[in-house]
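The values are calculated or read from the model by the stated rules, or taken from the named source; none is laboratory data. None of these values were measured; they are calculated from a predicted model. Every residue, glycine as well, gets a Cβ built from its backbone with ideal geometry; the counts of neighbours run over all protein chains shown. Surface areas here come from the heavy atoms of the whole protein model, side chains and all, with no ligands, DNA or RNA. Shrake-Rupley method; radii C 1.70, N 1.55, O 1.52, S 1.80 Å.
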Amino acid sequence: LTPDYTALASEGSEDILIRNAWFGPPGTVSPLHYDQYSNVLVQVVGSKYIRLYSPEQTPNLYPHDEPNSNSSRVAVEEPDPVAFSSFIGAPYTECILSAGQCLFIPEGHWHYVRSIETSLSVSFWWK
């Protein structure tokens, strides 16, 4: 039984709720990409460096062709300034997500994630 105020998806609805756990050693990278769902990323153990880009920056982020168009071709922390010149000036927001903190990532927002130390996170995606 789940109280109504904690449910993201109600019984009988077409709402989607997906939970994922992410575990890895220091230096584990999730390349720059966006998801088709809104996300609350909860940091349980360790910390992660996160960089966020607005969907308006998509042309500057050099997406792959279909079917991987939600992923960037750029190595975020070591971009090639000649091949990806527009990426260099693309504005972004960055943060360190530490144990006990969470971050809301809206649907369609680009994000790059790197574990700073051994890390466990849980994502709650919904639509």
Pairing a residue in region 98-116 that is among the acidic types (Asp, Glu) with any residue that is modelled with pLDDT of 95 or more and assigned to a strand (DSSP E or B), where Cβ atoms lie under 7 Å and the two sit 6 or more apart in sequence or on different chains, gives Glu107/Ser38
**Message:** Tell me whether region 83-104 contains one or more residues that are under 11 Å from the mean Cα position of the chain (by Cα) and of a type outside the set (Asp, Glu).
**Reply:** yes
Note on region 85-127: residues open to solvent by less than 30 Å² (accessible area, probe 1.4 Å) and part of a loop (DSSP other than H, G, I, E, B) are Ala90, Gly108
The correct count of residues that are out of contact with any strand residue (DSSP E or B) (no Cβ under 8 Å at 6 or more places or on another chain), open to solvent by 80 Å² or more (accessible area, probe 1.4 Å) and of a type in the set (D, E, K, R) in region 73-84 is 1
Asn70 fails exactly one of (1) open to solvent by less than 70 Å² (accessible area, probe 1.4 Å); (2) in contact (Cβ under 8 Å) with a residue 24 or more places away in the chain; (3) out of contact with any strand residue (DSSP E or B) (no Cβ under 9 Å at 6 or more places or on another chain); (4) of a type outside the set (D, E, K, R), namely (3)
